[in-house]
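Each reported figure results from applying straightforward, stated rules to the coordinates on display, with no laboratory input. From a predicted model like this one, the values you see are computed outputs, not experimental measurements. Note that each Cβ is placed from the backbone with ideal geometry, even for glycine, and that neighbours are counted across all protein chains shown.
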Amino acid sequence: MSRRGVPLATNKEDANFREALKLYEAKQHRKSLKLCEQVLKKNSHYGEALALKALLLYNLKEDDCEVYVEKALAVSTTSPVLNHILGILKRQQLQYREAAKYFKAALDNGSSNKQIWKDLSVMETQSRDFGSLAHSRLKYLDEFLGYRANWTSLAIAYHLNGNLEAAVKTLNKFEELAEGKLGPNEMYEHSELLMYKNEIISEFDLERALNELESTETFDKTGQLELKAKYLMKLGRKQEAQRVYRELLKRNPDNVSYYHQLEDALGTRERSAKVRDSLYSKLQAFYPRSDAPKFIPLTFTTGDLFKERVSKYVLDQLKRGVPATFTNVKPLYKDLEKAHVIGAIVEEFYTKSSELSPLCWVWTTYFLAQHYLQLNQLEKSLELISKAVEHTPTLVELYILKARVYKHFGDLQTAASVMNEGRLLDLQDRFINSKSVKYYLRADNIDKALEVVSLFTKNEKGENGLKDLHMMQVCWFIVENAESYKRLYFANLKDEELSKKYAGLALKRYYGIVKIFEEYWNDQVDFHTFCMRKGTARAYCDMIRWEDLIFQSPVCCRAVLSAFGLYKHLISNSKTDGDEDDAMSPVRHDKKAKKEKAARAKALQAEKQHLVAYADDEDILGETLIGGLDLFESKFFSHDHGDLETLSLNEVQFELQFAKNKMAPVLVALSKLVKISHDTYPPLAAHILQLKYATANKDKITQMLASKGVEKYYTEWDQPWALIDKYCVRSTLDGIKGLLAVYDLKLAQLDNDKVREEILEATKLLQPIEQLEILKFL
Amino acid sequence: MSSIELDDITVNNQHVLKVINTNVLPTVYPEEFYKGSLNGFSKFAYYGEVPVGAIKAKLIVPQHHKVPTSVYIESLAVLEPYRHKGIGKKLVEYAIEQAKTSYVHELTLHVWVKQPEVKQWYERLGFEEKEVIPGYYSQQKLDQPDAILMSLKV
């Protein structure tokens, strides 16, 4: 232990330090700190004690932690104990790469604590350093050969690092060692690992994987069959594969993908609709209670055959009064012709539906109201759904639809109150509760939304559910809440104080989403050991791959993109009114102003209590989040995303790097946007024009890079409208938003009044709610 | 044919009673009426799992009596499209049953004089007219505020 080569515990300081370590491990932080300080009083260069003090200060949430890290490192960088302690500290601070560095240093400098290999492996996995991981896992296995978890860990490490054969060898080796010695409690783990091994084998030798799969004893029979079918398909043995898929269908005739895969195996997808239809007729006879063989033919049949099939499908359900009938056929509405056929069938049925039963009439009316909503005939839809509500005012579903129709009309207040009427019918229905909360948020009635949502949350005394919603990671609420604050910010721009409050709150909520995803990321740590022990290697690997893309999840992207938009506006806004403020409004010192200010501060304090999202939060209103693009980047965009594969993140990256004059990443983002959208992303028009024309305030090299880079995408600069027309399809909301982005550039090279006119013209054809979304920017 | 089931009125769905009553009945009840819907006998009638009718009734203990003498039906309503299916009858039968288990031998209720079809409906179930009470609905702003008190011996 001692770095001075003195025998253990010969002097008082060493003994005290060792005692302090023990106290730390017993979580007696205060006592431990006291001892530590005693040691340091005698010897202020006792490196290990300095490191331990840093760790203790961090645990006691006191300042100066980093100071002691520095001090410790100034004494020694080679002491194994010191490095170990700093590794633990960095792990607690969630700095995984750093933690790995210190653990590694502890081992390299001769630490005899073999457990550090395990801690190191966890940190290496967490920082995705798979290259070093296998070595660490191997070292740990060498020390503790008797545990299967260690063998599994090593195999997984090899697998993650792409060393497939070594992974298989490791798994095989343990199987040999354990042959005949496994008890019944270990059989599930064994079965999982056999399947895991088989999947690895399939990555480099399909034939071998297939052969071994047959003889694999596993509890996961479905998984085994699915793999078998998959391998057979990959090997081109379709005849055998189709038999396996039929067997799978027997096990679960409701799994839609089995039907598609069966068709792939049979090669019927390219055949005529008639052939395929007769296949499904047979399957229907086999599985009369399954929806899939009835529905799938509707996707490929046309003309009279479609009419016949869909008529039976829809009317059967309407006669039985199935509420979800429309939802079931909605995917078919991509084909407008089919939509009209369905509409005609149901309209005809409608006239006689009331003879069957009042419920049948009501569900048919409900169906038609959804039908016309889908076809954008809002008046007709509203008329029908209102009739249905009048007929049976006790049916929750009807209110949901009626609210939706009002939403499409752009009347968000009425929409929310109709939804709430529905909610009152059944207070314990969580779905309608959430719906009405969402509608209140859309109508910017945040207080009411919180009141309603708090019926279903765990509320501490006198508090609303906001804290619980953050704790429970309720992303839909938090992001909608953020959006409503953002709208309120825009609606109150004239009142500087108020708009700033809303901006802060909006950013606070957006950041709340990002924090949730950071939690997801950090939550992995436990699984790097837990899953090895449980032997759930397949699920573990899925989790690793899922976590890799976690910051690109839709709701996270939405929060980042939307927060970015707010930052942009905050920045441009502070630029324009910053200097005029100082000149125009002389500071008022009179009593009245003081009083007003105090009253407002008091009111804000009271309001704050209802806005608390986290325990012990010092920045309830998100004031510290308001700032420039640097702040945005460090809070919202500093995660290890890997390659950006979503439109929204590339959009952010494009603008962020453009502002920073870094053309190389700008062009990468541009090419990603083109690639991901198959060159149809409407804002591309504005981006390309921006790179060509809006670089006047940048240096010469940047300008040149931008205009060179953009040539790959467009060269006909005498016809800028051709570019705009290519990306901005006028009949869609997104297309018009693309035009809006062009308009915002205010380019001299373009007749901006004409852009504005084009926007206004195209907007007329949109739904009222969409019109509002565009017009507020003009 | 969908089935008819009766089920309890609870704190979570008592608003449905108000919706049904306001849709069907000519009279308007104060909020306290609905707040009390959990006391006494009250049931929803479900038709194919949709609540379409409701009854609210209570035991009447007249002055100077210690035990109840009758069950009074405060409100009984079935949504218009769901009538002639035996739903109302089932709700009345429920009240009769409750009367019997409470050892009470009379059911009473009020019918508005301007709704002879309602009176007839109750008569078909065995109710008889006891008396006309002038001005019974005078607080309800009905154009003719008299009511008929009806009764059924069980």
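Some observations on this one:
- Virtual spin-label span in nm between A:A539 and A:K595, 7 Å along Cα→Cβ: 6.6 nm
- If R0 equals 30 Å, the separation of the Cβ atoms of A:W546 and A:D617 corresponds to a calculated FRET efficiency of about 0.50.
- With R₀ fixed at 60 Å, the C-beta to C-beta distance from A:H678 to B:E123 puts the FRET efficiency at about 0.20.
- Amide H contacts of B:W112 (H built 1.01 Å from N, under 5 Å, at least 5 apart or other chain): B:I148
- Shape category assigned to chain A from the gyration tensor of Cα positions, a/c cut at 1.5: oblate
- Working from label points 7 Å from Cα in the Cα-to-Cβ sense, the A:Q473 to A:L775 distance is 4.2 nm.
- Under 10 Å, Cβ to Cβ, from B:I9 - net charge with Lys/Arg +1 and Asp/Glu -1: 0
- Of A:K181/A:K534; A:K461/A:K508; A:K41/A:K104; A:K12/A:K90; A:K494/A:K737; A:K380/A:K726, those spanning more than 27 Å from alpha-carbon to alpha-carbon: A:K41/A:K104; A:K12/A:K90; A:K380/A:K726
- Packing-based ranking of A:606-612, A:509-515 yields A:509-515, A:606-612, ordered from highest to lowest mean Cβ neighbour count within 10 Å.
- Net charge contributed by nearby residues that have their C-beta within less than 14 Å of A:K282 (K/R +1, D/E -1): +3
- Three-way shape label, region A:1-113, alpha-carbon gyration tensor, a/c 1.5: oblate
- Test item: B:44-50 mean partner chain Cβ contacts at 10 Å: 4
- Converting phi to 3J(HN,Hα) with the Karplus coefficients 6.51, -1.76 and 1.60 and the offset θ = phi - 60°, region A:604-611 yields 5, 4, 5, 5, 3, 4, 8, 10 Hz in sequence order, with x at every glycine or proline.
- Rounded, prolate or oblate (a/c below 1.5 giving rounded, otherwise prolate when a/b exceeds b/c) for chain B by Cα gyration tensor: rounded
- Listed pairs B:K56/B:K153; A:K312/B:K89; A:K387/A:K438 exceeding 28 Å between Cα atoms: A:K312/B:K89
- Residues whose placed amide H lies under 5 Å from that of B:S70, excluding near-sequence neighbours: B:I60
- Couplings for region A:296-302, taken from phi via the Karplus curve 6.51 cos²θ - 1.76 cosθ + 1.60 with θ = phi - 60°, read 3, x, 5, 7, 10, 6, 9 Hz in order; Gly and Pro are left as x.
- Label positions at A:F219 and A:S354, each projected 7 Å from the Cα along the C-beta direction, are separated by 5.8 nm.
- The calculated 222 nm mean residue ellipticity attributable to helices in the protein assembly as shown amounts to -20500 deg cm²/dmol, summing -39500 (n - 2.57) over DSSP H runs of n ≥ 4 and dividing by all residues.
- Here the Gaussian network model covers chain B, with springs between Cα atoms less than 10 Å apart; of B:V111, B:V52, B:V19, B:V19 fluctuates the most.
- Under 18 Å from the A:D108 label point (7 Å along Cα→beta-carbon), backbone N, region A:53-82: A:73-82
- Working ranking of peptides A:51-59, A:757-765, A:561-569 by packing, defined as the average number of other Cβ atoms within 10 Å per residue, highest first, is A:51-59, A:561-569, A:757-765.
- Based on Cα contacts under 8 Å between residues 6+ apart, chain A shows a relative contact order of 6 percent.
- Residue-wise HN-Hα couplings along region A:450-457, as the Karplus relation 6.51 cos²θ - 1.76 cosθ + 1.60 with θ = phi - 60° gives them from phi, are 5, 4, 6, 5, 5, 5, 10, 10 Hz; Gly and Pro carry x.
- For residues of B:21-31, the mean tally of beta carbons on other chains within 10 Å: 1
- Environment charge of A:H391, counting only residues whose C-beta is closer than 14 Å and scoring Lys/Arg +1, Asp/Glu -1: -1
- Look at the stretch A:420-427: the mean tally of other chain Cβ atoms within 10 Å of its residues' Cβ atoms is 4.
- Under 5 Å between amide hydrogens, built in the peptide plane, is the criterion, and for B:L6 it picks out B:Y46 among residues at least 5 positions away or on other chains.
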